[in-house]
Amino acid sequence: MLDERLQRAYERIVAERLPEADTTAFSLFTFALGAGRRAEGILGDVVRPHGLDGSQFSVLMVLWMNGPPYRLSPTNLSRNIAQSPSGMTHTVKRLTSAGLVTRVGLETDGRAKHVELTPEGIELVERCAKDLTTAVERIFPRPELQLEDLAAAQRKIVAAIVQHLGPVSPD
């Protein structure tokens, strides 16, 4: 467990090795990176029994959270889950082969193909989301943590990082 004393020791090391760096910002970013990797591990543990990996679940979740008709362009899916376009192509192919998504043409542009959840995809993402809810509630027990404060801080961290990537446009 990281406590303030360990974080300050880390910041001192950063200051020694990178004297021009903003040690607090560097520490915040690197610890957020580590937390993200740990969160990906937890997500993998939850979705693996359902035959998915984290990228596949993330695509299904973004489509599901987008609401009916549960459809987005591959470009917006890539932006939403921070996956490269080539990685998204690979992920969508695996999900299509599994019958969890389908590619659909748009009435406005016959060349464009969006990714849409199938009924099987909807059922699976709902089951996975329930399992993830259980895991997340174990990690963040509400009576013990001020979740609203953590969420406000998280929104600021994410906004600071995302501003360098450009906006995610709706379909």
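Annotations
- Hydrodynamic radius (Kirkwood) for the chain, which is based on Cα pairs only, to one decimal in Å: 18.4
- Modelled this way, with points 7 Å down the Cα-to-C-beta line, the labels at ARG142 and MET65 are 1.9 nm from one another.
- The range 62-128 - Rg (one decimal) and Dmax (whole number), Cα, Å: 11.4, 34
- Residue (of LEU95, THR118, TYR10) at the positive-pole extreme of the chain, dipole from beta-carbon charges: LEU95
- Qualifying GluC sites (Glu not before Pro) in the range 4-64, where qualification requires a DSSP coil assignment and no more than 15 other C-beta atoms within 10 Å, comprise GLU20.
- Cβ-based net charge around SER86, under 15 Å, with every Lys or Arg adding one and every Asp or Glu removing one: +3
- Based on Cα contacts under 8 Å between residues 6+ apart, the chain shows a relative contact order of 19 percent.
- Inter-label distance, nm, simple model (7 Å from Cα along the C-beta direction), ARG94/HIS50: 1.5
- Remark: the range 1-134 carries a charge dipole of roughly 280 debye about the Cα centre, counting +1 on each Lys and Arg Cβ and -1 on each Asp and Glu Cβ.
- Whole-Å semi-axes of the range 1-42's equivalent ellipsoid (Cα gyration tensor): 21, 12, 7
We did not get these values from a lab; they are worked out from the coordinates using the rules stated. All values reported here derive from a predicted model rather than from experimental measurement. Note that each Cβ is placed from the backbone with ideal geometry, even for glycine, and that neighbours are counted across all protein chains shown.
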